[in-house]
Structure formats: structure tokens, C-alpha cells
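> My questions will all concern the structure given below.
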Ligand code: SF4
């Protein structure tokens, strides 16, 4: 990189950030233009989504490209500037949304740690769903209340609580509520209120 004297620097400043000044500072304008043209989201497909982390519901834009082998590669996730909710901004948690898909530390299978154990073991989705279903049934059977202390029929499950997630759509929220009420749950909560 060429040496720039203080006088050179002032001259560059007077000329603004024009090409001559940038070249004097060692920047290659041709390279800069080429770099801009190869910007890593250039030509990428733009998809809209919602941050899954909290009830604010900030809008996201995900940029993807299709590789030559047909696979889809996620290039970038950022705040959606057109959203009236976040106007392109994301909090530090939302700004890491891309790591949900790309982090090398992402857990991709159900993990189970038996009571008293200090080890996690990988399970199949089928085995984990069966285990969860069995736990729900056991807890419901053990805590179901058919009549309250005054003899009123209540048919409620007091031993299970349910909390909905911030990324629930209205339909998912409706469905989850129906299922939980069907099981007799009375303790229902939503992250939006937490
Ligand atoms: S970006 Fe932050 S504030 Fe917005 S929804 Fe995600 S977690 Fe909530």
C-alpha cells in the first residue's frame, strides 16, 4: 500500500471520496466494483418469514440460492425493512436467526436424558413422540379431577400446563388450544403474555 502523507490525506479529503482519492489510499476501484457485483446475495431468492423467538413478531427476509446439485443454500437472514413491526431492525437474538439453520452446534435429533442420568442419548422422532404421548397420558390419568370438592362435575387435568410459542399462527394456536382443552387442561398460557 502506498504511503499517504498528511498533506495527501487532506487533498484526498478535499476531493471527497472520489476514485482518485480511493486509489491514492490503495483501494482498487475495479476490484471494488467487481466485489460489489459479486455481493453474496446478488440474484438470490428472497423469502419472507417471522422471527420465532418472541411475541414481537419481527419480520425477516431470508436469501437463498439453488446450487448446481439442486440443493438450497441459505445465504443470509435480515430484518425486513417493509415490516411496520420492526422496519428492518432485529434485536441481537433475532439477528442470530440464521444460526438456527446453519450452526454447527444445532441439535438435529430429539435428545433424551433419563431421570438421574448425566448423559443425553439420541432418539428417533417416533420413539420420542411415543414417550411424550405416554407421559401425557400418565400425568393426565394421575391428576384428572372429575368432580371438585363441592361435588360439581369439572373433568379437568390439573397436572399438565401448556405454553404456546411466539411463532404460532392463529390456526396453530386454535388447534393447540382445542387439543389441550380436549385433554382437560385448564392451565394454558402463551408466550405473548409472558
Ligand atoms: S427480533 Fe428480537 S424482538 Fe423481534 S421477534 Fe425476534 S426476538 Fe423478538
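> In region 39-82, what residues are more than 16 Å from the ligand (Cβ to nearest atom) and under 15 Å from residue 96 (Cβ atoms)? Walk me through it before giving the result.
Of the residues in region 39-82, the ones more than 16 Å from the ligand (Cβ to nearest atom) are 39-47, 63-75.
Across region 39-82, the qualifying residue is only 74.
> In region 91-106, which residues are assigned to a loop (DSSP other than H, G, I, E, B) and within 13 Å of the ligand (Cβ to nearest atom)?
Answer for region 91-106, where residues must be assigned to a loop (DSSP other than H, G, I, E, B) and within 13 Å of the ligand (Cβ to nearest atom): 91, 92, 93, 97, 98.
> Hey, does region 121-135 have a residue that's exposed (fewer than 10 other Cβ atoms within 10 Å of the Cβ) and either touching a strand residue (DSSP E or B) at 6+ places or on another chain (Cβ under 6 Å) or under 26 Å from residue 185 (Cα atoms) (or both)?
yes
> Still on this structure, please answer the following. Hey, residue 49 hits all of (1) in contact (Cβ under 8 Å) with a residue 60 or more places away in the chain; (2) part of a strand (DSSP E or B) but one; which does it fall short on?
All conditions pass for residue 49, except number (1).
Residue-wise test of (1) outside any loop (DSSP other than H, G, I, E, B); (2) more than 16 Å from the ligand (Cβ to nearest atom).
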| position | (1), (2) |
| --- | --- |
| 89 | no, no |
| 108 | no, yes |
| 127 | yes, yes |
| 142 | yes, yes |
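Coordinate-derived values only; no laboratory data. Predicted, not measured: the structure shown is a model, and the values here were computed from it. With ideal geometry, Cβ positions are generated from the backbone for all residues, glycine too; neighbour counts draw on all protein chains shown.
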